[in-house]
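> Below is the structure I would like to discuss, written out as structure tokens.
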Amino acid sequence: MSFSYGTKIVTDGLVFYVDTANPRSYVSGSTTTNSLIGNEIGNLINGTDFSTDNQGSWNLDGMNDYIQLNTSVTLSHLTYSIWYRPSLTDTSFRTLGQTGAWSTTEFACFFSSNPPGQQLSLVTKSNNTRTDTSLPKIINPNFYNTWHNATFVIEPSTQYVYYNGQFCDSDTRTNNGDITMTKLHIGSWMGYGFFGGKIGPITLYGKALSADEVLQNYNALKGRFGL
């Protein structure tokens, strides 16, 4: 299996993959995006537009733009990865991916841009319990208008967070049920704030990527984003 861009990323277990750099996934001016795997379609909501920067990305205004990926899967193991470039200067939490309203979500990942760095968090929720993996601040003086990659890995008993290909933190899951994903939202309010900035490739795997595989994916695309 190969793609026009990102030919070196891991393809085993890939469930959903959207990337504006690939015309099979997105055509400038369209309000939908097609997964390069399967038949899922995503929607660009409230005027989310296209930028030619870095071979292509989506531009969200931080007011009401968001992306809705219409994937519907139940997974015992999963990996979710996203490239993002914040431009909205604040200290609010911004959603990088969430399955539904906060009171019912089974999966949510987000960042807070607390100076002088950022904090990444991963929440899994099932059977009325929650595991919240919150990272220490990652010192990055060039946080705004700089590209970042976050990868979130979930197994039945453990969940992990990676930043720019490097392992950062893990937690034991108290709720080891499967994760059901429906209409995955990227950048929407969902109890926090709308994301302002650019969004690049988004991948979802039906397996827990290893640390080596997470690094492989990061290395395959980092040059495109100046890292």
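The rows are residues; the columns are (1) under 19 Å from T124 (Cα atoms); (2) open to solvent by 10 Å² or more (accessible area, probe 1.4 Å).
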residue	(1), (2)
Y17	no, no
G62	no, yes
L69	yes, no
L88	no, yes
G100	yes, yes
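> Considering only residues that are touching a Pro at 6+ places or on another chain (Cβ under 7 Å) and either open to solvent by less than 20 Å² (accessible area, probe 1.4 Å) or outside any loop (DSSP other than H, G, I, E, B) (or both), which ones fall in segment 71-86? Step through it out loud before you land on a result.
So in segment 71-86, the residues touching a Pro at 6+ places or on another chain (Cβ under 7 Å) come out as 76, 83.
Selection gives W83 alone.
> Filter segment 163-217 down to the residues that are in contact (Cβ under 8 Å) with a residue 12 or more places away in the chain, open to solvent by 10 Å² or more (accessible area, probe 1.4 Å), among the polar types (S, T, N, Q) and over 30 Å from T52 (Cα atoms) and list them by number.
If the condition is that a residue be in contact (Cβ under 8 Å) with a residue 12 or more places away in the chain, open to solvent by 10 Å² or more (accessible area, probe 1.4 Å), among the polar types (S, T, N, Q) and over 30 Å from T52 (Cα atoms), then S170, T172, T174, N176, T180 are the ones that fit.
> Further question: Output the residues belonging to segment 42-52 that are more than 14 Å from Y26 (Cβ to Cβ) and open to solvent by 50 Å² or more (accessible area, probe 1.4 Å). Don't jump to the end; show me each part of the working.
Filtering segment 42-52 down to residues more than 14 Å from Y26 (Cβ to Cβ) leaves 45-47.
Residues satisfying the conditions are N46, G47.
> Taking segment 143-159 on its own, how many of its residues are free of Cβ contacts under 8 Å to residues at least 40 places away in the same chain and either closer than 15 Å to T79 by Cβ or out of contact with any strand residue (DSSP E or B) (no Cβ under 9 Å at 6 or more places or on another chain) (or both)?
The initial filter retains those residues of segment 143-159 that are free of Cβ contacts under 8 Å to residues at least 40 places away in the same chain, namely 157-159.
In the following step, the residues that additionally are either closer than 15 Å to T79 by Cβ or out of contact with any strand residue (DSSP E or B) (no Cβ under 9 Å at 6 or more places or on another chain) (or both) were identified as 158-159.
Final tally of qualifying residues: 2.
> Under 6 Å between Cβ atoms, at least 6 apart or on separate chains: pull out the pairs that start in segment 11-27 with a residue that is without any contact (Cβ under 8 Å) to a residue 60 or more places away in the chain and end on any residue that is buried (at least 20 other Cβ atoms within 10 Å of the Cβ) and not in a loop (DSSP other than H, G, I, E, B).
Going by the 6 Å Cβ cut-off, the qualifying pairs are S25/V18; S25/T33; Y26/T33.
The values are calculated or read from the model by the stated rules, or taken from the named source; none is laboratory data. Just so you know, these numbers come straight off a predicted model, no measurement behind them. When we count neighbours, we look across all protein chains shown, and the Cβ atoms used for this are built from the backbone with ideal geometry, even at glycine. All accessible areas refer to the heavy atoms of the entire protein, side chains included, with ligands and DNA or RNA removed. Shrake-Rupley method; radii C 1.70, N 1.55, O 1.52, S 1.80 Å.
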